[in-house]
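Here's the structure we're looking at; comments come further down.
The values are calculated or read from the model by the stated rules, or taken from the named source; none is laboratory data. Keep in mind it's a predicted model, so treat the numbers as computed, not measured. Note that each Cβ is placed from the backbone with ideal geometry, even for glycine, and that neighbours are counted across all protein chains shown. Remember, those area values only see protein heavy atoms, side chains included, never the ligands or the DNA or RNA. Shrake-Rupley method; radii C 1.70, N 1.55, O 1.52, S 1.80 Å.
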Amino acid sequence: QVQFVESGGGLVQPGGSLRLSCVASGSLSNIYAVVWYRRRPGGQRELVAGITSLGTTDYTGADEGRFTISRDDVHRTVYLQMNSLKPEDTGVYYCNGGDVLTNIESEYHSWGQGTQVTVSS
């Protein structure tokens, strides 16, 4: 089973930018959908953005104009570019992949440690 390791989080001021990365332990080519989820403090994991192998994107949990998800199957890496960050973007961001692009957390397995994003002045 493919594992994912997230990185790129940190402390940033409101209005700043971060690019999160997620490296897969195996090939991404066989994974239809890759997603970024977020767990806000005291909350549950929720879908932020997803992208399929066909290039279809879903920004259910994010402002599409501020966040951009992309995938590089050659380098087994998924990115989440986050611009104009707001305090409500604070949380732990997780990456995962599977056969569907969904906001149902239980459809994905083997969640990693995530990467902490804190937006604060």
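Would you mind working out the magnitude of the charge dipole of the chain relative to its Cα centre, with +1 at each Lys and Arg C-beta and -1 at each Asp and Glu C-beta, to the nearest 20 Debye? It would help to have the intermediate numbers written out before the result.
On the way: 9 positive and 12 negative charges, 62 e Å.
It works out to roughly 300 debye.
Under 5 Å between amide hydrogens, which residues at least 5 positions from G26 or on another chain qualify, with H placed 1.01 Å from N in the peptide plane?
Q3
In whole Hz and in residue order, list the ³J(HN,Hα) couplings for the stretch 41-54 that follow from phi through the Karplus curve 6.51 cos²θ - 1.76 cosθ + 1.60, θ = phi - 60°; x for Gly and Pro.
The phi angles translate into x, x, x, 9, 5, 9, 5, 9, 7, x, 9, 9, 5, 8 Hz.
Per residue, how much accessible surface does the chain expose to a 1.4 Å probe? Answer in Å², no decimals.
On a per-residue basis, 50 Å².
At a 1.4 Å probe, what is the % contribution of carbon and sulfur to the accessible area of the chain? Don't skip to the answer; put the middle values down first.
Working: 2730 of 6020 Å².
Carbon plus sulfur share of accessible area: 45 percent.
Tabulate in residue order the Karplus-calculated ³J(HN,Hα) for the stretch 99-105, using 6.51 cos²θ - 1.76 cosθ + 1.60 with θ = phi - 60°, rounded to whole Hz; enter x for Gly and Pro.
Ordered by residue, 3J(HN,Hα) equals 7, 9, 9, 8, 9, 8, 4 Hz.
What is the chain's relative contact order, in percent, from Cα pairs under 8 angstrom and six or more apart in sequence? Please list the in-between numbers first.
Details: 301 pairs, mean separation 44.5, N = 121.
That works out to 37 percent.
Using the Kirkwood radius over Cα pairs, work out the Stokes-Einstein diffusion coefficient for the stretch 76-117 at 25 °C and 0.890 mPa s, in µm²/s as a whole number.
Values: Rh = 12.2 Å.
Answer from the Stokes-Einstein relation: 201 µm²/s.
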